[in-house]
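The values are calculated or read from the model by the stated rules, or taken from the named source; none is laboratory data. All figures in this text were calculated on a predicted structure; none of them were measured in a lab. Please note: Cβ atoms are built from the backbone with ideal geometry, for glycine as well, and neighbour counts cover all protein chains shown. For the accessible areas, the whole protein counts, side chains as well, though only heavy atoms, and no ligand, DNA or RNA atoms are used. Shrake-Rupley method; radii C 1.70, N 1.55, O 1.52, S 1.80 Å.
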Amino acid sequence: SNPNLTGVSIGGNNLEGPIPPDFLKDVDHNMDIKIDLSFNMLTGAVPLTLDDFTKLDINLVGNGIDELDDIFCDNAEWMAGAVQNYGCKAILCPKNTYNSRGRQIEDTRVCKDCDPGDDAPFMGSLTCRSQGLLVEEKIILTQIYDALNGTNWVKQRKWNSDDPICTWFGVGCDGDDENSGVTSLQL
């Protein structure tokens, strides 16, 4: 409820779920605001309520964002003016594209298409994933299960099943779908 807020830096904090529609609602929409929400586990769409801001620099890369409405693409003063030059790509690279910064901020670093067989299921990806990696991850997890006597684990729900590895107990992934890559194990 601070109308004079000009910055929030909470990147890399494992924040989960969608960005609430009332995020920043009491902040002066005409101020130059910098928000860092990068490298969390945020999902869903960027709330349309943020379109009310005149000058917003919001870093959303490295999350599970899967929707950015075209309404944001004409906010010329967003992202330090980069939206005027690159449209929504200045906020987040589209799905199945990538950039080393997860967005385009200059002519020489465009959002590139993933190679055939690779994907980037979320917006703002820094790299593309190989579909073969998912098979390798399942093999590695099965080896861990066998080496650590997994049949005797108290909690072993779905391990070594045909279910997606991201549904196996204690396996953390970079998204909610079955094509997500493993990012953590909590055994």
Candidates Thr108, Thr43, Thr54: whichever shows maximal mean-square fluctuation once the chain is modelled as a Gaussian network with Cα springs under 10 Å: Thr108
Most to least accessible of Ile140, Ile58 (protein chains only, probe 1.4 Å): Ile140, Ile58
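So if I place +1 on the C-beta of Lys and Arg and -1 on the C-beta of Asp and Glu, and nothing else carries charge, what would the dipole magnitude of region 53-187 be about its Cα centre? I want it in debye, nearest 20. Show your work: numbers first, answer last.
Values: 12 positive and 22 negative charges, 88 e Å.
Charge dipole, region 53-187, about its Cα centre: 420 debye, nearest 20.
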Heavy-atom accessible area order for Glu136, Glu16, Glu106, largest first, 1.4 Å probe: Glu16, Glu136, Glu106
Placed amide H near Gly124: partners under 5 Å, 5+ positions off or other chain: Cys93
³J(HN,Hα), Karplus 6.51/-1.76/1.60, whole Hz, each residue of region 84-93, x for Gly, Pro: 4, 8, 10, x, 5, 5, 6, 8, 8, 4
Helix axis angle, 131-147 relative to the chain longest principal axis, alpha carbon, degrees: 50
Stokes-Einstein D (µm²/s) once Rh is taken as the Kirkwood radius of the chain over alpha-carbon pairs, at 25 °C in 0.890 mPa s: 136
Selection from Phe53, Gln143, Phe122 lying farthest towards where the dipole of the chain points positive, charges on Cβ: Gln143
Solvent exposure, largest accessible area first (probe 1.4 Å, DNA, RNA and ligands not counted), of Met41, Met31, Met123: Met41, Met31, Met123
Residue with peak Gaussian network fluctuation, the chain [Cα springs, cutoff 10 Å], from Arg157, Arg109, Arg101: Arg157
Helical contribution to [θ] at 222 nm, DSSP H n ≥ 4, -39,500 (n - 2.57), averaged over the chain, rounded to 500: -3500 deg cm²/dmol
Per-residue SASA entry for Lys158, accessible area with 1.4 Å probe, Å² rounded to 10: 80
Whole-number percent relative contact order across the chain, with pairs defined as alpha carbons under 8 Å at least 6 apart: 13
Computed over region 102-154: relative contact order in percent, which uses C-alpha pairs under 8 Å that are six or more apart: 23
